[in-house]
Amino acid sequence: MKFVVNSVKSGGCRLGVMSDFGLHGKKIVETPMCMLYTRRGSAPHLTADMLKKIQWLPPMAQMSVTNMIEHHEAIEAYKQGIGKFANMKDYIVYTALHDPATEVMSGQNDTATVGVWSKSGKVRLDVEMFVKVQEAFKPDMYQALSDGDTDLKAGKKRTNKSVTRTLTYLDDILERLPKSQVLKDAAIFGVIEGGNSEFERCRSARETASRDVAGFVIEGFHNQGPQTELFKISDIRDIFKTTLECLPEEKPRLMHGAFPPDQVLEALELGLDVFDSSYPYHVTERGGALVFDFVHIADPEDMDGNKAVQKGWEIDLNDKKYFEDFGPLIEDCSCYTCKNFSRAYINHLRNTSELLGSVLLMIHNFQHYFNYFEAIRRALAEDKYEQLKTHITKQKKYIRLLTLTFILSQTVYVAVQTESGLRQWP
Amino acid sequence: MASKGTHALSLRILAECKTTKARTCKLHLPHYVVDTPVFMPVGTQGTLKGLVPEQLEELDCKIMLGNTYHLGNRPGHELLKKAGGLHNFMKWNRCLLTDSGGFQMVSLLKLAEITEEGVKFQSPHDDSEMMLTPEMSIQIQNAIGADIIMQLDDVVHSCVTGPRVEEAMYRTIRWLDRCLKAHQRPHDQNIFPIVQGGLYPELRKKCVQELIKREVPGYAIGGLSGGESKDDFWRMVTLSTEYLPKDKPRYLMGVGFAVDLVVCVALGCDMFDCVFPTRTARFGNALVPTGNLSLKNKKYAKDFSPIDDQCPCSTCKQYTRAYLHTIVTNETVSCQLLSVHNVAYQLTLMTGIQQSIVEDRFPQLIQDFFDKQFPDTDYPQWAVDALASVNVNIKKS
Ligand SMILES: [Zn+2]
Ligand SMILES: [Zn+2]
């Protein structure tokens, strides 16, 4: 894989291009980019036919080792990799270690292995097994085995251990790789750990950067899952910045987790290039539709952008107020859902727990989020990033959250928004 | 041949089987032309297992079902009226059929009680007492706006015997008259009466004789497929079609297993519905000419062939059994993929039957079908008897 940073724009945002992928040599990916989030190889709720209805789909899909590890023997027997196995052969495949939409349980790792949970129980993944699984999956890009079991509160000892172990795994993998014919064209991403310790972060970044890796995954700030939606990049701005300064400019940086629209911008400014789309998935799971506006920033009739400013990022389709609302989710949205179905119908599907509700919301939310990334790239290229940011920040002010209840064991949580009890968030 | 009259329906018989009572027809309905014999998938609450209408159109599905009881509850007929009917609400431009709500009420609600006025039941929401009268059932169905609607009938479990069956049969006829009177949209909705009479041939015959005195566009055969013996089942079906007029469609309610479809087409039925094909999809079962595949089974883990290499559906064109094995019952996508395939299986079976009737080789299709379903020639006796009654003797080859 090749990566070129074409320019560094306002506040530190990078415009780049990835190319020369293993199995998908001809594909070109523009960054900043958001990968397609998948579960067991398929886009959530969407068959291949329905997925095709989405515009601005990224060329890269993110799949997780955790999701599919119990099937690695079947995929190995298939011989053509996980992408084609899952009927996603047109996508550049990146395999992450964990599912970014599911919280990773703490305390599962030891010196030689990383504990991952599959449907049939805990699997101890050592380097040998890890390489074997990747050889079966045949990704274009993959995250190295890592011990990311830290968060901002992690102690010194745990943080130190996670960095040391992750470096050891990387060295063992790199030693094993020359023997692998299959993975010779796949790009390995080294993993930067270090919790909230600037010292460990820098050690992890410098050491990893000195190894032969194609890019970097920034991990260990949180334990993945739905609650990452509340994670604030601003809380780690300084340490994040210092960490990335230890990394070479010319390699891509990726971070997993749910990034609401304002967080995407904050992360971009710190120099992140690649994201996953678990955020629109979480929104879909709770019955929400993304409505934040990024289209009308240059509307001359609406100089300050107030007309198009949405009150919050999303609307709640479980809400009775949409019972008789025969309009689309967003008036001028060009997605398949908005062109065909009404808020009232989706409200009915949510009320009756019908599958189609998730299908229709997933289509809209994916398209909206991918289109947002397109708008960001365009704004950067046309030097309109500051306007876009102002426009997004205005909408952030309106977010009202009365309660946000997490059901930690699930990827599902319920956000209750009410008219009363306005509270500024954050 | 066409019978139009005042109805929003016409039936043109394309061909009749020279051996059995089967026929293939063009059924013209307000929203679309349906080829019969037809299988109608069931989209209970205005949607079918996560599929969009476009996917059903790609399968060449021309008519589907909605359930009045569920739709009357949620979103309610007032909203459906405002939405311009169920067609518009769910964006399905082809034909719809709704049941009366009575069957669902009696089978889903423990406390339903039938009086002359209607079906009395406890509201599932607040325990208050409610009443579904024939008039109300039609009012709701008029708001839903399906191409074919059902009269409210007095539903008796098919294993009940004695005077209750006779009472229900006569009440069904009285309720039909109330339904016909209440029907506000005869110009664009077709109401079907329902043949009742339990497992009593004399009552069934009497019921049909009463129904055909009324001016109605088609008929449904009800009160079957509820746990009675298959032997009783097929005899009641064939008796009902015997007395029903040939120029109107016959809809056998709640029947949709492949074997039952093939036999009951031979006995002269035109329309069928069943939740089974889509319900079983949710549990990871795929219908194939040899029966069904339980894709949860480990033996499919390394099976890289499609569910059925002869099947024209988009699932079989794109997905392997091995991949489906990894997602069945885990990811909702599997439910959609298997529903597409299972609906395709049912519809392909029916178009095959239609074609064979036109070419007058339906008896051969029956033999081939049974050979595949029962490779050990352990044909169910009731099917052998039923087919023999219409001059088809399936051979144990
Ligand atoms: Zn939309
Ligand atoms: Zn198929």
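What shape does segment A:128-207 have by the C-alpha gyration tensor, where a ≥ b ≥ c are the square roots of the eigenvalues, rounded means a/c under 1.5, and otherwise prolate means a/b greater than b/c and oblate the rest?
Cα axes put segment A:128-207 in the prolate bin.
Using alpha carbons only, what's the Rg to Rh ratio of the protein assembly as shown with Rh from Kirkwood? Write down the numbers at each step before the final one.
Working: Rg = 30.6 Å, Rh = 29.4 Å.
Reported Rg/Rh (Cα atoms, Kirkwood Rh): 1.04.
How far is helix A:385-396 tilted off the main Cα axis of chain A, in degrees rounded to 10, range 0 to 90?
On a 0 to 90 degree scale, this one is about 70.
Taking each residue in A:354-366, count the Cβ atoms of any other chain within 10 Å of its Cβ, then average. What number comes out?
4
Given the peptides A:4-11, B:102-109, arrange them by the average over their residues of other C-beta atoms within 10 Å, most packed first.
B:102-109, A:4-11
B:Ala15: net charge of surrounding residues, Cβ under 14 Å, Lys/Arg +1, Asp/Glu -1, itself excluded?
+2
Pairing the Cα long axis of helix A:127-137 with the longest principal axis of chain A, what angle in degrees results, from 0 to 90 and rounded to the nearest 10?
Its long axis makes an angle of about 50 degrees.
Rounded to the nearest 5, what is the percent of antiparallel bridges among the DSSP beta bridges in chain B?
Bridges in chain B that DSSP calls antiparallel: roughly 50 percent.
What is the Cα convex hull volume of chain B when expressed per residue in Å³?
Measuring per residue, one finds 138 Å³ for the Cα hull of chain B.
Before anything else, pin down the relative contact order of segment A:2-284: Cα pairs under 8 Å, at least 6 apart, normalised by residue count, whole percent.
Relative contact order here is 21 percent.
Could you tell me the center-to-center distance, by alpha carbons, between segment B:1-61 and segment B:206-222 in angstrom?
20
Among bridges DSSP assigns within the protein assembly as shown, what percent are antiparallel (round to 5)?
The antiparallel fraction comes to roughly 50 percent.
In whole Å, how far is the Cα centre of segment A:40-56 from that of segment B:244-263?
With segment A:40-56 and segment B:244-263 each reduced to a Cα centre, they are spaced 37 Å.
Of A:Phe199, A:Phe231, how do they rank once you tally other Cβ atoms within 10 Å and put the fewest first?
Working: A:Phe199 13, A:Phe231 18.
Placing the least packed residue first, the sequence is A:Phe199, A:Phe231.
Other chains' Cβ within 10 Å of A:63-70 residues: what's the mean?
Taking all residues of A:63-70 together, the mean is 1.
Pairs of alpha-carbon atoms within less than 8 angstrom and 6+ residues apart define the contacts here; what relative contact order does segment B:10-275 have, in percent?
19
Tell me, B:Ser100, A:Ser234 in order of fewest to most beta-carbon neighbours within 10 Å?
In order of increasing Cβ crowding within 10 Å: A:Ser234, B:Ser100.
Starting with the highest mean, order A:360-366, A:98-104, A:120-126 by the number of other Cβ atoms within 10 Å, averaged over the residues of each peptide.
A:360-366, A:98-104, A:120-126
Using only the alpha-carbon atoms of chain A as identical scatterers, what base-10 log of I(q)/I(0) does the Debye formula give at q = 0.09, 0.10, 0.11 Å⁻¹?
-0.54, -0.67, -0.82
Indicate the gyration tensor shape class of segment B:99-253 (rounded, prolate or oblate), computed on the Cα atoms with a ≥ b ≥ c the square roots of the eigenvalues: a/c under 1.5 is rounded; otherwise a/b larger than b/c is prolate and the rest oblate.
oblate
Please report A:Ser64, A:Ser358 as a ranked list, fewest other C-beta atoms within 10 angstrom at the top and most at the bottom.
On the way: A:Ser64 26, A:Ser358 22.
So the residues, fewest neighbours to most, are A:Ser358, A:Ser64.
How far, in degrees from 0 to 90, does helix A:355-381 lean away from the longest principal axis of the Cα atoms of chain A, to the nearest 10?
Result, in degrees: 80.
Can you pull the Kirkwood radius for segment B:35-122, inverse mean 1/r over Cα pairs, to one decimal in Å?
Value: 14.2 Å, from the Cα pair sum.
For segment B:281-375, just say rounded, prolate or oblate: build the C-alpha gyration tensor, square-root its eigenvalues into a ≥ b ≥ c, call rounded for a/c under 1.5, and beyond that prolate if a/b exceeds b/c, oblate if not.
Taking the square roots of the gyration eigenvalues as a ≥ b ≥ c, segment B:281-375 is prolate.
FYI, it's all coordinate maths here, none of it is from the lab. This is a predicted model, so every value here is computed, not measured. Virtual Cβ from ideal backbone geometry, glycine too; neighbours counted across all protein chains shown.
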